[in-house]
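Report on the structure given below.
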Amino acid sequence: MKTEVALRRRAFAVFGRLEKEFGRPSCPLHFASIEQLAVAVILSAQCTDARVNLVTPALFQRFGDMQAFADADVADIGQLIYSTGFYRNKAKNIHALAQILVRDHGGKIPKDFKLLTTLPGIGRKTANVIMAEAFGEAPGVTVDTHVKRISRLLGFTKSDNAVIVERELMQLFPPRLWRDLPLLLIFHGRKTCIARRPQCTACTLRKLCPSAR
């Protein structure tokens, strides 16, 4: 019990220091609608947000809404998103998603977490981002490679399974922090806790991190 209480206190301290460093984080992806957000998050798989933000202006200019994506040739979508990697699968998923949204939801992203996870290209991680950024609700914690890696380094989890990591973070942090927590960990991973060259001596978490060198 004492160990659990100590871990929770340390977790809150970690959040507080990251919040002090980065402030309340905003989504790094650029979008003008919920549907554009969904497309951008699909493109962000195995790709940097910076690269996605370079690609989406031309993509959204060419395809202004889900109807346009649904009517498009998959190859045309793929050509515009080529540099994001895995472009064939991403193009197919975006096209299939648009067709379903147009057919069943008036071309709009539904405010339904469970339904979102059944749509093409939208897994639990993507659904968490959409619910948090578009609807102001965080049914879970978004777990990407940064969140998973840093959570292990901080001793918040021993697992490498994203589902388990999310569950353990949800048990450790209260729901009001679920939206901001992953963004703070992501920003920390990009700035300081870099995978191949962590800047432990300059890290604001060095006294709280059991993995600090």
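Determine which single condition I150 fails, assuming it passes every other condition in (1) open to solvent by less than 10 Å² (accessible area, probe 1.4 Å); (2) of a type in the set (V, I, T); (3) at pLDDT below 95.
All conditions are met except number (3).
Which fully enclosed helices (runs of 4 or more DSSP H) of the range 23-87 have 3 or more residues being open to solvent by 70 Å² or more (accessible area, probe 1.4 Å), under 19 Å from V102 (Cα atoms) and at pLDDT 95 or above?
Hits in the range 23-87: none.
Quick check on my filter: what residues within the range 1-42 are of a type outside the set (A, V, I, L, M, F, W, C) and farther than 20 Å from R206 by Cα?
Matches in the range 1-42: K2, E4, R24, P25, S26, P28, H30, S33, E35, Q36.
Pairs please, first residue from the range 148-159 and without any contact (Cβ under 8 Å) to a residue 24 or more places away in the chain, second anywhere and assigned to a helix (DSSP H, G or I) and crowded, with 21+ Cβ neighbours inside 10 Å, Cβ atoms under 7 Å, 6+ apart in sequence or on different chains.
Within 7 Å, the pairs are K148/V165; T157/S151; T157/V165; S159/V165.
Enumerate the pairs (first residue in the range 198-213 and free of Cβ contacts under 8 Å to residues at least 24 places away in the same chain; second residue anywhere and assigned to a loop (DSSP other than H, G, I, E, B) and loosely packed, with under 12 Cβ neighbours inside 10 Å) with beta-carbon separation below 6 Å, excluding pairs fewer than 6 apart on the same chain, so at least 6 apart or on different chains.
That search, which allows pairs on different chains as well, returns C200/R213.
Given the criterion over 17 Å from the mean Cα position of the chain (by Cα), small (G, A, S) and either closer than 30 Å to V14 by Cα or crowded, with 17+ Cβ neighbours inside 10 Å (or both), identify the matching residue among A132, A98, A127, A138.
A98 is the lone residue from the list that is over 17 Å from the mean Cα position of the chain (by Cα), small (G, A, S) and either closer than 30 Å to V14 by Cα or crowded, with 17+ Cβ neighbours inside 10 Å (or both).
Please work out if F113 is at pLDDT 95 or above, open to solvent by 30 Å² or more (accessible area, probe 1.4 Å), within 22 Å of P28 (Cα to Cα) and in contact with a Pro (Cβ under 9 Å, 6 or more places away or on another chain). Even if it seems obvious, please write down each step before you answer.
Details: at pLDDT 95 or above: yes; open to solvent by 30 Å² or more (accessible area, probe 1.4 Å): yes; within 22 Å of P28 (Cα to Cα): yes; in contact with a Pro (Cβ under 9 Å, 6 or more places away or on another chain): yes.
Answer is yes for this residue.
Under 8 Å between Cβ atoms, at least 6 apart or on separate chains: pull out the pairs that start in the range 3-26 with a residue that is farther than 14 Å from L169 by Cβ and end on any residue that is surrounded by 13 or more Cβ atoms within 10 Å (Cβ to Cβ) and among the hydroxyl-bearing types (S, T, Y).
Close Cβ pairs (under 8 Å, with a partner that is surrounded by 13 or more Cβ atoms within 10 Å (Cβ to Cβ) and among the hydroxyl-bearing types (S, T, Y)) amount to R17/T204; K20/T204; E21/T204.
The values are calculated or read from the model by the stated rules, or taken from the named source; none is laboratory data. The model shown is predicted, which means the values in this text are computed figures rather than measured ones. Neighbour counts run over all protein chains shown; Cβ positions are idealised from the backbone, glycine included. The area values use the complete protein model at the heavy-atom level, side chains included, leaving out ligands, DNA and RNA. Shrake-Rupley method; radii C 1.70, N 1.55, O 1.52, S 1.80 Å.
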